[in-house]
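Here, each number is a calculation from the coordinates, and none is a lab measurement. Bear in mind that the values here come from a model prediction, so they are computed numbers and not experimental data. Methodologically, a virtual Cβ is constructed for each residue, glycine included, from the backbone with ideal geometry; neighbour enumeration extends over all protein chains shown.
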Amino acid sequence: MTEMKRDSLPAVRCTLEGVDGNAYSLMGYWAAAARRAKWPQSEISRVLTEARAGDYDHLVVVLMDNCAPPLEEEEPDDEFLDDEGDDEEYP
């Protein structure tokens with residue numbers, strides 16, 4: 001399968017700000033945003049493979065390089081948000 005040109009892919013609208021800083025959370029958050037943007041799985045896998053090819057800082061840079069700023073009306077996916085400071089207790 002030939003690799004798609006990055007310019008031909010729709011923008012992955014996301015920001016990593018506020019997302020749990022765990023590497024797997026970041027990759028899952030980005031991959032979910034890429035799926036919503038209708039990226040083919042082969043391209044999602046290519047970006048995630050590149051992200052894992054270095055240290056944590058490399059991972060963050062690769063994911064950020066593949067994000068476009070979210071539109072104003074979009075809300076972040078709560079599943080991946082960091083819940084630090086949340087004093088609410090669950091039964």
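Computed from the C-beta positions of residue 36 and residue 72, the FRET efficiency with R₀ = 22 Å rounds to 0.85. Phi angles of segment 51-66 translate, via the Karplus equation with coefficients 6.51, -1.76, 1.60 and θ = phi - 60°, into HN-Hα couplings of 4, 7, 6, x, 7, 4, 4, 4, 4, 5, 4, 4, 5, 5, 5, 9 Hz per residue; Gly and Pro are given as x. Amide H contacts for residue 68 (H built 1.01 Å from N in the peptide plane; partners 5 or more residues away or on another chain; cut-off under 5 Å): 12, 13, 14.
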